[in-house]
Amino acid sequence: MPVSKAWIGQKLNELPNNPAALGELYAAMKQPMYAVAYRIVLSREDAEDVVQESFLSLMKVRETGHIRNGSTYIFQIVRNEALRKLRMRDRETACENPEKYIKYSGNRGMDDLDRAMATLSGEERQIVSMHTEAGLTYVEIAKVTGSSTATVFRQYRKALRKLQQFFNVGTGYEEELI
């Protein structure tokens, strides 16, 4: 069930005084958080770990007055945890070289979309996932990634072209995806 950004912000503000707010956030946000984490780490187990670690980080939040956008805040935590997981597992090389990753993963449950996403750079995967699966705007993604909005938009469009090529889809499909 999609939730509003205002609701997310409200639940984050309740965290210090209402432990039940974390459970409500978990129920509403675990799937989009998992989707973004998975597109970064390219492993179901690692993505689950990233979501768990992200919620552990949220449990420690005591000062919520500085949070302006709850969705951006949460996905910044997810992104940071996912990148930390990549560094810990020394998988940066695999993520930046899709051919090696596909060989490495073999037939370990990768479907066509996983294979298509593996052809994107790590940054492109993050942007596509945050926009399509988590519903973040280009401006919000720019804040999470520390890029300009124009750069995020260009990378998103470039990633869509790569996905079109992978699936041999002609023009016109791109507009449906946006």
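Read-outs throughout are calculated quantities, based only on the coordinates presented, and are distinct from any laboratory measurement. Because the structure is predicted, anything quoted here is derived from the model rather than measured. Because the Cβ atoms are built from the backbone with ideal geometry, glycine has one as well, and the counts that use them run over all protein chains shown.
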In nm, the gap between the two label points placed 7 Å beyond Cα toward Cβ at Ser57 and Gln165 is 3.2 nm
At 7 Å along Cα-to-Cβ for each site, give me the label-to-label distance between Asn80 and Trp7 in nm. 2.6 nm
